[in-house]
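Student: Before I ask anything, let me first share the structure, which is written out below as structure tokens.
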């Protein structure tokens, strides 16, 4: 799997992501600066990593979403290329119009930095095939604005089309207000676009891929992508 | 030419920051505050004197960047 990680000023999780991708896919990802206008040839996966692009000025992800490289990402996604946005990357994809909705300030107003539990809603997608449907995984979050909101009609479509792939839940997999760490609509932690090739999620699977991290639950996401691409090849 | 773009949250969108400010005003004893919604103001200087062109440019700026029209409304004023 040849992956490309976008780098914007203020991003700070790109090296965690690169380490995880190298570890699981065996290939060193390309780091692509935001001012570039094209992606490396043969890119299998574009990753928009977490951090605080442009200091979260204006709105989280708003300025990065208008960077030159994003036109290339838009073309790449339109052709069915896989795109993964994590944390600030999710915010950037929403601001770029590649995903519907918006990430608002956490309902509790606090920056939340801890492990959370996610329920994997289905396993038949490139982004979840490393897991079983209904499986509960533990991954970290670190965000102040992860409260996913969209209008009623959009939420209905997301649910109806099975586009919510990850949901905040209790360790037992129960989705309720208690497990919903930031007040997100329908406890949404991660969604895909209509075509199913662009995933945005607030939690950081790349930070739970090695035993030294205390947990390896995040591996499945990357291993699933590798398996998906191997099968397609 | 000077202009001002005001961006506000659409009604029905939860505004936790506004709520916190509302609570702070109440605890300061400021009388009669029913609710607070937080927004943004952009003061912009434009080159040229064509008002119609300026208005179009400001609308473009608001649609493309200054506002996220999923959750926000904006108002353009030429001053």
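Taken together, the values in this text are just the output of simple stated rules run on the coordinates, not laboratory data. Treat the numbers as computed from the prediction; the structure is a model and nothing was measured. Using ideal geometry, Cβ is built from the backbone for each residue, glycine included, and neighbour counts are taken over all protein chains shown.
Student: May I ask you to derive the relative contact order of chain A, considering only C-alpha pairs under 8 Å and at least 6 residues apart, and to give it as an integer percent?
Tutor: 20
Student: Within a 10 angstrom radius of the beta carbon, how do A:53, A:3, A:38, B:35 rank from fewest other beta carbons to most?
Tutor: B:35, A:38, A:3, A:53
Student: Report, to the nearest 10°, how far helix B:51-61 tilts away from the longest principal axis of the Cα atoms in chain B, using its own Cα long axis and a range of 0 to 90°.
Tutor: 50
Student: Based only on other Cβ atoms within 10 Å, what is the fewest-to-most ordering of A:128, A:43, B:69?
Tutor: In increasing order of surrounding Cβ atoms, one gets B:69, A:43, A:128.
Student: Turning to a different aspect of this structure: Need one number: % antiparallel among DSSP beta bridges in the protein assembly as shown, to the nearest 5.
Tutor: Counting DSSP beta bridges with both partners in the protein assembly as shown, the antiparallel share is about 70 percent.
Student: Here's a follow-up. Between A:205, A:100, A:68, find the one with the highest GNM mean-square fluctuation for chain A; connect C-alpha pairs within less than 10 Å.
Tutor: Comparing A:205, A:100, A:68 in the GNM, the peak value goes to A:68.
Student: Specify the residue with the greatest mean-square fluctuation among B:31, B:63, B:15, computed from a Gaussian network of chain B linking alpha-carbon atoms under 10 Å apart.
Tutor: Comparing B:31, B:63, B:15 in the GNM, the peak value goes to B:31.
Student: By count of other Cβ within 10 Å, fewest leading, how are B:66, A:23, B:79, B:9 ordered?
Tutor: Ascending Cβ contact count within 10 Å gives the list B:79, A:23, B:9, B:66.
Student: So what's the gap between the Cα centers of segment A:173-233 and segment A:32-105, to the nearest angstrom?
Tutor: Here the two parts' Cα centres lie 17 Å apart.
Student: Quick check: the angle from helix B:16-27's long axis to the longest principal axis of chain B, C-alpha only, nearest 10 degrees?
Tutor: On a 0 to 90 degree scale, this one is about 50.
Student: Quote the relative contact order of segment A:96-211 in percent (integer), defining contacts as alpha-carbon pairs under 8 Å separated by 6+ residues.
Tutor: 31
Student: At R0 = 25 Å, how high is the FRET efficiency between residue A:186 and residue A:215 if r is their beta carbon distance? Nearest 0.05 is fine.
Tutor: 0.50
Student: Just A:215, A:60, A:169 to compare: in a GNM of chain A, with alpha carbon springs under 10 Å, which one fluctuates most?
Tutor: Answer for the Gaussian network model of chain A: A:215.
Student: What percent does the relative contact order of chain B come to when contacts are Cα pairs within less than 8 Å and at least six residues apart?
Tutor: Normalised by residue count, the contact order of chain B is 54 percent.
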